[in-house]
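As structure tokens, the structure follows; a few thoughts come after it.
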Amino acid sequence: QVQLVESGGGLVQAGGSLRLSCAVSGNIFSVTAMAWYRQAPGKQRELVASIRSDNVTYYTDSAEGRFTISRDNAKTAAYLQMNSLKPEDTAIYYCAGSDVRTWYWGQGTQVTVSS
């Protein structure tokens, strides 16, 4: 089992920055890929960025150039640095981690970007 807890969300003005953190506990050495997803009101949950165990990253078009995903070498945390935030980035952001068999999810952290 793997437990994930997000933090770092909040209210920020457009153009500002936030850094989300995801604390990983439990069977941390089983976690391979990690990812950040978000869900805006009335919309489906969508992928924002992911990082593999070899640190290869992937970003969706909306995140490319503005967001950076990273993880620590001890596999105890993952991060999402978000710059140049826009009102359309407002959503609940979820951390996810995979042990190949399944994906584990955190409870989410609210990010609100005011115009």
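The values are calculated or read from the model by the stated rules, or taken from the named source; none is laboratory data. No experiment lies behind these values; they were computed from the predicted model shown. Using ideal geometry, Cβ is built from the backbone for each residue, glycine included, and neighbour counts are taken over all protein chains shown. Surface accessibility is based on the protein's heavy atoms, side chains included, excluding ligands, DNA and RNA. Shrake-Rupley method; radii C 1.70, N 1.55, O 1.52, S 1.80 Å.
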At 1.4 Å probe radius, can you tell me the per residue accessible area of the stretch 8-115 in Å²? 52
Set the Förster distance to 25 Å, then compute FRET efficiency between Glu88 and Arg19 from the Cβ-Cβ distance, nearest 0.05. 0.85
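Please list, by residue number, every one of the GluC sites (Glu not before Pro) in the stretch 23-115 that is coil in DSSP and has at most 13 other beta-carbon atoms within 10 Å. Please report the intermediate quantities before stating the final value.
On the way: sites: Glu46, Glu64, Glu88; in loops: Glu64.
Hits after loop and neighbour filter: Glu64.
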Just the number, please: Stokes-Einstein D of the chain in µm²/s, Kirkwood Rh from C-alpha pairs, 4 °C, 1.567 mPa s. 93
To the nearest 10 square angstrom, what accessible area does Tyr37 show with a 1.4 Å probe? 50
Apply the Karplus curve 6.51 cos²θ - 1.76 cosθ + 1.60, θ = phi - 60°, to the phi angles in the stretch 56-66 and return the couplings in whole Hz, x for Gly and Pro. 6, 10, 9, 10, 6, 4, 5, 9, 3, x, 10
